[in-house]
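Working notes for the structure below.
Taken together, the values in this text are just the output of simple stated rules run on the coordinates, not laboratory data. None of these values were measured; they are calculated from a predicted model. Neighbour counts are summed over all protein chains in view; Cβ atoms, including those assigned to glycine, are modelled from backbone coordinates with ideal geometry.
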Amino acid sequence: MPSFDIASKVDMQEVDNAINQTRKEVSQRYDFKGTHNEIDLANDAITILAADDYKLKAIIDILISKLVQRKVSSKCLDYGKTEAASHNAVRQKIGIVQGVSKEKGKEIVKEIKGSKLKVQAQIMDDQVRVTGKKLDDLQEVIQLIKGKDFGLDLQFINMRS
C-alpha cells in the first residue's frame, strides 16, 4: 500500500552555521561597534542578547537572512517575549520548532479528510502518515497540503509505493 509521511524537520547543523555567520557579521558591522551583543544556541532554542531593541531587531533580521540562505525556513522559529536584561540590554528567546504538533497534525488530517480523496491519514508521534491505494491520490494530497499554510515548514518524506 503506497504511503508517505508529512514531517517538519530542521537541520540543526545549518541553524548552527547560520548563527555562527550571524555572530561574525554582527562583530564586523559598524553600527554594532562598542556594544555588547550575544547570540547562542542551546537545547533547540536561540537566545539573543542585544544592547537595545533596534539592535535586537537587526540581529534577528540578519539571522533570518542567514537561515534562508541555508534553506532553513523562518517558519520553524517560535519567538518568545522580549525581556529586559542588565545594563539596559534586551534578551529574546527563539524556540526552534521540530516535528508536527498534535494540534497541527489534527488540522492536517482534517484538511485531508475534507478533500474527499480516497486516502487515510493518521498522526504518528511528530508526523502524519498518509496511505492510499493509488499513487495519484497521494500526489494530490501533497499538492493540497502544499497549497495550504499551516504555519510550519512541511516536508514530504518516506514515499513508498
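A few notes on this one:
- Filter result for Ile60 (under 14 Å from the mean Cα position of the chain (by Cα) and not in a loop (DSSP other than H, G, I, E, B)): no
- Segment 86-140, residues that are part of a helix (DSSP H, G or I) and basic (Lys, Arg): Lys102, Lys104, Lys106, Lys110, Lys113
- One residue from Val100, Val68 being touching a residue at least 12 places away in the same chain (Cβ under 8 Å) and either among the β-branched types (Val, Ile, Thr) or in contact with a strand residue (DSSP E or B) (Cβ under 7 Å, 6 or more places away or on another chain) (or both): Val100
- Qualifying positions in segment 145-154 - in a helix (DSSP H, G or I) and within 14 Å of Asp5 (Cα to Cα): Ile145, Lys146
- Boolean, Val15 is buried (at least 18 other Cβ atoms within 10 Å of the Cβ) and under 30 Å from Ile142 (Cβ atoms): yes
- Inclusion of Leu144 among residues that are more than 14 Å from Phe156 (Cα to Cα) and without any contact (Cβ under 8 Å) to a residue 40 or more places away in the chain is not warranted.
- You will find that of Asp136, Asp126, the residue that is under 30 Å from Ile19 (Cβ atoms), out of contact with any Leu (no Cβ under 7 Å at 6 or more places or on another chain) and either surrounded by 13 or more Cβ atoms within 10 Å (Cβ to Cβ) or not small (Gly, Ala, Ser) (or both) is Asp126 and no other.
- Evaluation of Thr22 against (1) of a type outside the set (Phe, Trp, Tyr); (2) in a helix (DSSP H, G or I); (3) surrounded by fewer than 20 Cβ atoms within 10 Å (Cβ to Cβ) (one fails), failing number: (3)
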